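The values are calculated or read from the model by the stated rules, or taken from the named source; none is laboratory data. From a predicted model like this one, the values you see are computed outputs, not experimental measurements. With ideal geometry, Cβ positions are generated from the backbone for all residues, glycine too; neighbour counts draw on all protein chains shown.
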Amino acid sequence: MVWPLAPDLLWNHSFLKMFKTRSYQKEILDDADIQRDLLFQNLKELEFINKYLGGHRVSIRGLKEVLTSKTKTYSLFDIGCGGGDSLKAIDKWAVHKGVSLSLTGIDLKSDCIEYAEKNCMQHKNISFRCDDFRNSFVEHADVDVVHAALFCHHFTEKEISEFIKLCGARGAIFVINDLERNPIAYYAIKILTALFSKSPLVKNDAPLSVLRGFKRIEWQAILKESGIKKYTIKNRWAFRHLVIIYPNGY
Ligand SMILES: C[S@@+](CC[C@H](N)C(=O)[O-])C[C@H]1O[C@@H](n2cnc3c(N)ncnc32)[C@H](O)[C@@H]1O
């Protein structure tokens, strides 16, 4: 009788185990010195993915919920801004909706900042800083909103929790747009990038970043550990989580 054993057999095959816990394997993008042409191709393809697979839409839906005043000028930081495409999309939306924003992109890689500055040349209220995201508040004490797209999965739960606490202490709302660890997302992105990507970096990192992504229950645990009382976690197309974290007392 094989049938009663079938679930066990399936489980013991690493297919399902692979999605049970987060992967902490480093992506090529985490290397300190990636070749510039590889990095630039990656930033170009990330912009395409964000634009046409709904990434920007997820961020803007989140920001719509928190940028509600038409009289205030909000200071918004985009951490791990990469090629600056999220900032461009946010700025276009804000101008269209009459929301006043001062936008700052932060990235650890100077090559990303150089690329982003060129990419956002037409957008006069976007500026950039080459720095670690943990220094976001060092020169700017009054950040209203911190935004992070496809960024948190690069870090451990402890590192994310520490930053959430820092945002809370500075009174900043934290809007996170990141990947859900889901087998369909993993195989879909593996096939799509194998077929259409010109970048070895994207072919390697895109499916791996899904394995480094999160389950809803893991976000709940991170938020509990961070002492957060008010938050929302929403599932968004395609296999993204939109997490909005409010400082306590908000
Ligand atoms: C996957 S990319 C995401 C880029 C962009 N947010 C997007 O949605 O396409 C992650 C970015 O985080 C940056 N990064 C990694 N570690 C960082 C750190 N400690 N501080 C700031 N940026 C960092 C990387 O250089 C890279 O540009």
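So, in region 19-66, how many residues would count as being crowded, with 17+ Cβ neighbours inside 10 Å, within 14 Å of the ligand (Cβ to nearest atom) and of a type in the set (Phe, Trp, Tyr)?
1
Quick one: which strands (runs of 3 or more DSSP E) lie wholly within region 94-161 and hold at least 3 residues that are more than 14 Å from the ligand (Cβ to nearest atom) and either touching a residue at least 12 places away in the same chain (Cβ under 8 Å) or on the phi > 0 side of the Ramachandran plot (or both)?
So the answer is 100-107.
Could you identify the single residue in Cys152, Cys167 that is of a type outside the set (A, V, I, L, M), under 22 Å from Tyr52 (Cα atoms) and surrounded by 20 or more Cβ atoms within 10 Å (Cβ to Cβ)?
Of the residues listed, the single one that is of a type outside the set (A, V, I, L, M), under 22 Å from Tyr52 (Cα atoms) and surrounded by 20 or more Cβ atoms within 10 Å (Cβ to Cβ) is Cys152.
In this structure, is Glu139 surrounded by fewer than 21 Cβ atoms within 10 Å (Cβ to Cβ) and modelled with pLDDT of 95 or more?
no
For Ile60, are the conditions met, namely being touching a residue at least 24 places away in the same chain (Cβ under 8 Å), touching a strand residue (DSSP E or B) at 6+ places or on another chain (Cβ under 8 Å) and not hydroxyl-bearing (Ser, Thr, Tyr)?
So Ile60 fails the test.
Here is a check on your reading of the model: is Ser199 surrounded by 17 or more Cβ atoms within 10 Å (Cβ to Cβ), of a type in the set (Gly, Ala, Ser) and at pLDDT below 95?
Here the answer is yes, as Ser199 does meet what is asked.
Got a number for residues in region 40-65 being in a helix (DSSP H, G or I) and either within 13 Å of Asn177 (Cα to Cα) or among the small types (Gly, Ala, Ser) (or both)?
Residues meeting the conditions: 10.
If you scan region 73-93, which residues turn out to be within 13 Å of the ligand (Cβ to nearest atom) and either surrounded by fewer than 19 Cβ atoms within 10 Å (Cβ to Cβ) or within 14 Å of Leu150 (Cβ to Cβ) (or both)?
Result: Asp78, Ile79, Gly80, Cys81, Gly82, Gly83, Gly84, Asp85, Ser86, Leu87, Ala89.
Does region 173-193 contain at least one residue that is part of a loop (DSSP other than H, G, I, E, B) and of a type in the set (A, V, I, L, M)?
no
Test of understanding: among Arg181, Arg170, which residue is closer than 21 Å to Gly62 by Cβ and within 16 Å of the ligand (Cβ to nearest atom)?
Arg181
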